[in-house]
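Take a look at the structure set out below.
Please treat every number below as a calculation from the coordinates, not as lab data. Note that this is a predicted model, so its numbers are computed, not measured. As a convention, Cβ positions derive from the backbone with ideal geometry for all residues, glycine included, and neighbour counts pool all protein chains shown.
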Amino acid sequence: MNSPAISKFRLKSVDTANRAEVLPLGRQHALQSAGEAFHALADTMPQLVWSTLPDGSHDYYNARWYEFTGAPVGSTDGEGWAGMFHEEDQPNAWEVWNRSLETGEPYEVEYRLRHHSGQYRWMLGRALPVVDDDGVIQRWIGTCTDIEETKRVALENEILSQELSHRIKNIFAIISSLVSLTARASDAFGDRAGELLGRIRALGRAHEIVRPHTEKSRPEIGDVTLSALLETIFDAYPAWSEGRIEVTGGDLLIGSKAATPVALIFHELATNAMKYGALSSADGRVRLELTEGDETVGLRWVETGGPPAPTEEPASGFGSRLIDLAIRQQLGGSYERLRTDDGLEIDMDVQRQRLVENA
């Protein structure tokens, strides 16, 4: 059942120098004789369960395997299983499998497996070695989990995200066109149109950073640092070009997953500062201090020179709930808010791992 297309990806034998020994052929069906309890357990699992000898030759499959593939019992023993893979996925699957056989590392790879209908479905293949007290690999036990539905939903979400992003970019373009048309029709508005267009474009650049990216689109924007993301966000506010927003401290790469909550947090804080806080006063200033720890990153937002603090704490609105959600749930952190005589201080601590991980 071996396919000529995969002959150059044949498995490599593993010897004791690589922490394994090749068992004699007489033990090829050792697992089948291990007992009815194992077979009953394997056959009740929704996954396709399989076993190989230390050299990678398959010698056991559960009932789910034969139901899924429609292959005759025993026809996929040894290396006969390899022809069940989609030919486009075979090189990577073989590379990962050979590396696991050579090193004893856990095996995990996604590939398309042929269904008995003739169609291919995405599977997540995993395997772990079974070792004796001396660390010698006796065999590998693995599973194939059907992830076709997960893949389909992920693809639909990706298409939807790209379509939404495209529409948002079109909205920015339409708004920019309307501003330009209005500026040409009104001399009074024309003086400020350039500044407004600049802010709209800055918001568009921020969207380009925080929007969902595919593997193809992500390299086009390069690595995103926390300070670069903050600069892109603040560039939409006049106080940034006026030097009244200052970012100090360290810097670190920020993952695509964290970019959205970070952008939402500081867009909300900067907008509130411009409407009601320090940036609503001509002399008001904002300072954002970044401090890196081993497991957390500190973000301290300090507003000074603003209007007098309100006598009563304003009711929590949508923006406050948005910040709370982003910090506590999405970034796994905490924060404290303190009103001062002429401003506001917010001390945030978020998990470093949450900031750097990608979606």
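Taking the DSSP beta bridges in region 223-359 as the whole, what percent of them are antiparallel, to the nearest 5? About 80 percent, rounded to the nearest 5. Listed values for region 55-67 are Karplus-derived 3J(HN,Hα) couplings in whole Hz (6.51 cos²θ - 1.76 cosθ + 1.60, θ = phi - 60°), namely 7, x, 6, 6, 10, 7, 9, 7, 4, 4, 4, 6, 5, and x replaces Gly and Pro. Listed from fewest to most Cβ neighbours within 10 Å, the set 59, 324, 132 follows the order 132, 324, 59. Modelled label positions at residue 157 and residue 175, each set 7 Å beyond Cα in the direction of Cβ, lie 2.7 nm from each other.
Sorted ascending by nearby beta carbons within 10 Å, beginning with the fewest, 51, 227, 334 become 334, 227, 51.
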